[in-house]
Amino acid sequence: MGVEGNKQTILSNDQMNTTNKKSNPKLTLLPLIALIFYEVSGGPFGVEDSVKSGGGALLSLLGFLIFPIFWSIPQALITAELATSFPENGGYVIWISSAFDPFWGFQEGFWKWFTGVMDHTLYPVLFLDYLKQSLPIFDQLYAKIPTLLAITILLTHLNYRGLHIVRFSAVLLASFSLLSFAVMGILSIPKIRPKKMDNFGFQESSMEGLLQ
(Lines give C-alpha, C1' and ligand atoms only; values in the text may rest on other atoms or scores of the structure.)
Protein backbone atom coordinates (compact mmCIF):
# COMPACT_ATOMS: atom_id res chain seq x y z
CA MET A 1 0.00 0.00 0.00
CA GLY A 2 2.82 2.36 0.86
CA VAL A 3 4.56 1.81 -2.49
CA GLU A 4 1.29 2.21 -4.39
CA GLY A 5 0.55 5.36 -2.42
CA ASN A 6 3.94 6.79 -3.32
CA LYS A 7 3.37 5.92 -7.00
CA GLN A 8 0.01 7.65 -6.95
CA THR A 9 1.58 10.70 -5.32
CA ILE A 10 4.32 10.81 -7.96
CA LEU A 11 1.77 10.44 -10.76
CA SER A 12 -0.36 13.20 -9.24
CA ASN A 13 2.66 15.50 -9.04
CA ASP A 14 3.55 14.73 -12.67
CA GLN A 15 0.00 15.47 -13.75
CA MET A 16 0.05 18.75 -11.83
CA ASN A 17 3.36 19.72 -13.43
CA THR A 18 1.98 18.87 -16.88
CA THR A 19 -1.13 20.93 -16.17
CA ASN A 20 0.97 23.88 -14.98
CA LYS A 21 3.10 23.73 -18.11
CA LYS A 22 0.01 23.74 -20.30
CA SER A 23 -1.61 26.56 -18.37
CA ASN A 24 1.60 28.64 -18.44
CA PRO A 25 2.74 28.56 -22.09
CA LYS A 26 6.17 29.92 -22.85
CA LEU A 27 7.38 31.78 -25.89
CA THR A 28 9.11 29.82 -28.60
CA LEU A 29 11.80 31.30 -30.82
CA LEU A 30 9.68 32.61 -33.68
CA PRO A 31 7.09 34.47 -31.54
CA LEU A 32 9.94 35.90 -29.45
CA ILE A 33 11.61 37.25 -32.60
CA ALA A 34 8.28 38.75 -33.70
CA LEU A 35 7.75 40.46 -30.34
CA ILE A 36 11.31 41.83 -30.31
CA PHE A 37 10.76 43.05 -33.88
CA TYR A 38 7.70 45.04 -32.81
CA GLU A 39 9.35 46.28 -29.64
CA VAL A 40 12.35 47.62 -31.58
CA SER A 41 10.95 48.88 -34.88
CA GLY A 42 7.63 47.48 -36.03
CA GLY A 43 8.71 47.59 -39.65
CA PRO A 44 11.08 49.33 -42.05
CA PHE A 45 9.07 52.54 -41.90
CA GLY A 46 10.99 55.74 -42.48
CA VAL A 47 13.45 54.20 -44.92
CA GLU A 48 12.24 56.53 -47.65
CA ASP A 49 13.15 59.60 -45.58
CA SER A 50 16.60 58.25 -44.78
CA VAL A 51 17.32 57.74 -48.49
CA LYS A 52 15.95 61.15 -49.40
CA SER A 53 17.64 63.26 -46.73
CA GLY A 54 20.44 60.93 -45.60
CA GLY A 55 22.69 61.20 -48.63
CA GLY A 56 21.26 58.67 -51.07
CA ALA A 57 20.70 54.93 -51.30
CA LEU A 58 24.33 53.86 -50.81
CA LEU A 59 24.85 55.68 -47.51
CA SER A 60 21.51 54.43 -46.24
CA LEU A 61 22.34 50.81 -47.08
CA LEU A 62 25.79 51.13 -45.51
CA GLY A 63 24.16 52.59 -42.40
CA PHE A 64 21.74 49.65 -42.16
CA LEU A 65 24.65 47.20 -42.45
CA ILE A 66 27.21 48.90 -40.21
CA PHE A 67 25.05 50.45 -37.50
CA PRO A 68 23.93 47.08 -35.99
CA ILE A 69 27.57 46.07 -35.48
CA PHE A 70 28.25 49.05 -33.21
CA TRP A 71 24.81 49.24 -31.57
CA SER A 72 22.74 46.06 -31.78
CA ILE A 73 25.45 43.49 -31.01
CA PRO A 74 26.74 45.32 -27.87
CA GLN A 75 23.13 45.78 -26.71
CA ALA A 76 22.45 42.07 -27.20
CA LEU A 77 25.60 41.09 -25.28
CA ILE A 78 24.76 43.43 -22.38
CA THR A 79 21.21 42.12 -22.21
CA ALA A 80 22.38 38.48 -22.29
CA GLU A 81 24.90 39.08 -19.50
CA LEU A 82 22.47 40.91 -17.22
CA ALA A 83 19.61 38.49 -17.92
CA THR A 84 21.76 35.53 -16.88
CA SER A 85 23.06 37.40 -13.83
CA PHE A 86 19.49 38.22 -12.72
CA PRO A 87 17.32 35.26 -13.83
CA GLU A 88 14.06 36.91 -12.74
CA ASN A 89 11.08 38.54 -14.39
CA GLY A 90 11.48 42.31 -14.46
CA GLY A 91 14.38 43.00 -16.81
CA TYR A 92 15.97 46.42 -16.55
CA VAL A 93 13.77 47.33 -13.56
CA ILE A 94 15.60 44.69 -11.51
CA TRP A 95 18.97 45.67 -12.93
CA ILE A 96 18.57 49.34 -12.03
CA SER A 97 17.06 48.55 -8.63
CA SER A 98 20.09 46.40 -7.85
CA ALA A 99 22.60 48.96 -9.11
CA PHE A 100 21.01 52.05 -7.59
CA ASP A 101 17.82 51.89 -5.58
CA PRO A 102 14.24 50.52 -5.91
CA PHE A 103 13.05 54.11 -6.36
CA TRP A 104 15.06 54.46 -9.57
CA GLY A 105 13.98 51.00 -10.67
CA PHE A 106 10.37 52.16 -10.35
CA GLN A 107 11.16 55.32 -12.31
CA GLU A 108 12.68 53.26 -15.10
CA GLY A 109 9.70 50.92 -15.25
CA PHE A 110 7.11 53.70 -15.12
CA TRP A 111 8.69 55.95 -17.73
CA LYS A 112 9.41 53.02 -20.02
CA TRP A 113 5.73 52.09 -19.79
CA PHE A 114 4.73 55.71 -20.41
CA THR A 115 6.96 56.11 -23.47
CA GLY A 116 5.69 52.77 -24.76
CA VAL A 117 2.10 53.97 -24.52
CA MET A 118 2.94 57.22 -26.28
CA ASP A 119 5.01 55.48 -28.97
CA HIS A 120 2.59 52.65 -29.72
CA THR A 121 -0.27 55.04 -30.31
CA LEU A 122 1.58 56.29 -33.39
CA TYR A 123 1.52 52.97 -35.23
CA PRO A 124 -2.22 52.86 -36.07
CA VAL A 125 -1.93 56.42 -37.41
CA LEU A 126 1.17 55.48 -39.41
CA PHE A 127 -0.64 52.42 -40.75
CA LEU A 128 -3.54 54.56 -41.96
CA ASP A 129 -1.15 57.08 -43.51
CA TYR A 130 0.20 54.30 -45.70
CA LEU A 131 -3.25 52.84 -46.33
CA LYS A 132 -4.88 56.12 -47.38
CA GLN A 133 -2.48 56.39 -50.31
CA SER A 134 -4.35 53.46 -51.87
CA LEU A 135 -7.72 54.08 -50.20
CA PRO A 136 -8.29 57.86 -49.94
CA ILE A 137 -11.44 57.31 -47.88
CA PHE A 138 -9.24 56.87 -44.79
CA ASP A 139 -8.17 60.49 -45.16
CA GLN A 140 -11.67 61.51 -44.05
CA LEU A 141 -12.41 61.85 -40.34
CA TYR A 142 -15.63 59.83 -40.50
CA ALA A 143 -13.60 56.82 -41.67
CA LYS A 144 -10.29 57.56 -39.96
CA ILE A 145 -11.49 57.92 -36.34
CA PRO A 146 -13.61 54.72 -36.19
CA THR A 147 -10.79 52.75 -37.86
CA LEU A 148 -8.23 54.00 -35.33
CA LEU A 149 -10.56 53.10 -32.47
CA ALA A 150 -11.19 49.65 -33.94
CA ILE A 151 -7.46 48.95 -34.33
CA THR A 152 -6.76 50.12 -30.78
CA ILE A 153 -9.56 48.01 -29.29
CA LEU A 154 -8.46 44.96 -31.30
CA LEU A 155 -4.84 45.20 -30.17
CA THR A 156 -5.89 45.83 -26.57
CA HIS A 157 -8.10 42.74 -26.70
CA LEU A 158 -5.23 40.63 -28.04
CA ASN A 159 -3.02 41.68 -25.12
CA TYR A 160 -5.85 41.02 -22.67
CA ARG A 161 -6.32 37.48 -23.98
CA GLY A 162 -2.83 36.52 -22.86
CA LEU A 163 0.43 35.12 -24.14
CA HIS A 164 -1.03 32.34 -26.29
CA ILE A 165 -2.93 34.66 -28.62
CA VAL A 166 -0.28 37.39 -28.44
CA ARG A 167 2.51 35.15 -29.73
CA PHE A 168 0.36 33.93 -32.62
CA SER A 169 -0.86 37.40 -33.54
CA ALA A 170 2.67 38.85 -33.30
CA VAL A 171 3.97 36.38 -35.88
CA LEU A 172 0.93 36.99 -38.11
CA LEU A 173 1.21 40.79 -37.93
CA ALA A 174 4.98 40.74 -38.46
CA SER A 175 4.54 38.58 -41.55
CA PHE A 176 1.82 40.91 -42.82
CA SER A 177 3.98 44.00 -42.17
CA LEU A 178 7.03 42.62 -43.95
CA LEU A 179 5.18 40.98 -46.83
CA SER A 180 4.42 44.25 -48.61
CA PHE A 181 8.04 45.39 -48.31
CA ALA A 182 9.26 42.02 -49.58
CA VAL A 183 6.95 42.21 -52.60
CA MET A 184 8.01 45.77 -53.39
CA GLY A 185 11.66 44.81 -52.96
CA ILE A 186 11.33 41.96 -55.45
CA LEU A 187 9.45 44.12 -57.94
CA SER A 188 12.13 46.83 -57.70
CA ILE A 189 15.05 44.53 -58.58
CA PRO A 190 14.76 45.10 -62.37
CA LYS A 191 14.71 48.86 -61.75
CA ILE A 192 17.96 49.02 -59.76
CA ARG A 193 20.43 51.51 -61.24
CA PRO A 194 23.85 51.00 -59.58
CA LYS A 195 25.24 54.19 -61.16
CA LYS A 196 22.78 56.27 -59.16
CA MET A 197 23.76 54.73 -55.82
CA ASP A 198 26.98 56.73 -55.56
CA ASN A 199 25.07 60.00 -55.93
CA PHE A 200 25.61 61.03 -52.33
CA GLY A 201 24.14 64.50 -52.49
CA PHE A 202 25.98 65.75 -49.40
CA GLN A 203 24.58 69.25 -49.81
CA GLU A 204 21.03 67.94 -49.41
CA SER A 205 21.81 65.33 -46.75
CA SER A 206 21.67 65.72 -43.00
CA MET A 207 22.76 63.65 -40.03
CA GLU A 208 19.18 63.61 -38.77
CA GLY A 209 17.98 62.10 -42.03
CA LEU A 210 20.73 59.49 -42.01
CA LEU A 211 19.88 58.42 -38.44
CA GLN A 212 16.19 58.04 -39.22
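Summary of values
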read-out: Distance in nm between pseudo-label sites at residue 92 and residue 122 (7 Å out along the Cβ direction from Cα); value: 1.6
read-out: Protein accessible area in the range 48-165, 1.4 Å probe - carbon and sulfur %; value: 72
read-out: Whole-Å semi-axes of the ellipsoid equivalent to the range 128-173 (Cα gyration tensor, √5λ, descending); value: 26, 13, 5
read-out: Where Rh is the Kirkwood radius over Cα pairs, Rg/Rh for the range 32-126; value: 1.05
read-out: Cα convex hull volume per residue for the range 87-169 (Å³); value: 123
read-out: Separation of the residue 153 and residue 106 label points, Cα + 7 Å toward Cβ, nm; value: 3.5
read-out: Highest to lowest packing among 140-151, 88-99, 167-178, 65-76, scored as the average C-beta count within 10 Å; value: 167-178, 88-99, 140-151, 65-76
read-out: Mean separation of Cα contacts under 8 Å (6+ apart) over length of the range 56-208, as relative contact order %; value: 29
read-out: Rounded accessible area per residue of the range 54-204, 1.4 Å, Å²; value: 78
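The values are calculated or read from the model by the stated rules, or taken from the named source; none is laboratory data. Values in this document were obtained by computation on a predicted structure and should not be read as measured data. Here the Cβ is made from the backbone with ideal geometry for all residues, glycine too, and neighbour counts use every protein chain on show. Calculation scope for accessible area: heavy atoms of the full protein, side chains included, ligands and nucleic acids excluded. Shrake-Rupley method; radii C 1.70, N 1.55, O 1.52, S 1.80 Å.
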